[in-house]
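Read the structure below first, then the notes.
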Amino acid sequence: MENQEEQNQLNIELNEEIAEGQYANLAIITHSNAEFVVDFVNVMPGLPKAKVKSRIILTPQHAKRFMKAMLDNIKKYESVHGPIQDQEQVSVPLNFGGPTAQA
């Protein structure tokens with residue numbers, strides 16, 4: 001039994017650069033019949049341009065597993081910290097009250 005547990009163990013490597021993470025305050029999700037693409041974006045107030053900080057590509061099955069895992073973790077978070085308050089509807093481009101961009 002112990003030998004089987006060792007065979008089923010997955011060692012995951014996390015290098016320092018990835019461990020630092022990337023801040024994102026917007027996620028843009030697109031999909032095809034074969035994959036879901038999630039672009040994590042950092043939008044800064046007053047700037048007309050934003051950069052994609054990370055792109056994750058998932059199969060539909062993994063996207064659904066990810067959604068279920070997120071819902072489970074949100075429920076656990078809210079059970080400890082209380083409900084997460086939804087903000088007003090966000091539209092793209094975001095308006096942070098900075099100057100309006102002109103081309």
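Values as computed for the structure displayed
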{"read-out": "ALA63 vs. criteria surrounded by 10 or more Cβ atoms within 10 Å (Cβ to Cβ) and at pLDDT 90 or above", "value": "yes"}
{"read-out": "Residue identified as modelled with pLDDT of 95 or more and part of a loop (DSSP other than H, G, I, E, B) among ASN11, ASN33", "value": "ASN33"}
{"read-out": "Residues (open to solvent by less than 70 Å² (accessible area, probe 1.4 Å) and either more than 22 Å from PHE66 (Cβ to Cβ) or not hydrophobic (A, V, I, L, M, F, W, C) (or both)) located in the stretch 6-42", "value": "GLY21, ASN25, SER32, ASP39, ASN42"}
{"read-out": "Neighbours by Cβ (under 7 Å, 6+ apart or cross-chain): first from the stretch 53-71, without any contact (Cβ under 8 Å) to a residue 40 or more places away in the chain and of a type in the set (Phe, Trp, Tyr); second surrounded by 12 or more Cβ atoms within 10 Å (Cβ to Cβ) and not in a helix (DSSP H, G or I)", "value": "PHE66/LEU58"}
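The values are calculated or read from the model by the stated rules, or taken from the named source; none is laboratory data. Computed from a predicted model, the values in this text were never measured in an experiment. Counting neighbours? That spans all protein chains shown, and the Cβs are built from the backbone with ideal geometry, glycine included. Calculation scope for accessible area: heavy atoms of the full protein, side chains included, ligands and nucleic acids excluded. Shrake-Rupley method; radii C 1.70, N 1.55, O 1.52, S 1.80 Å.
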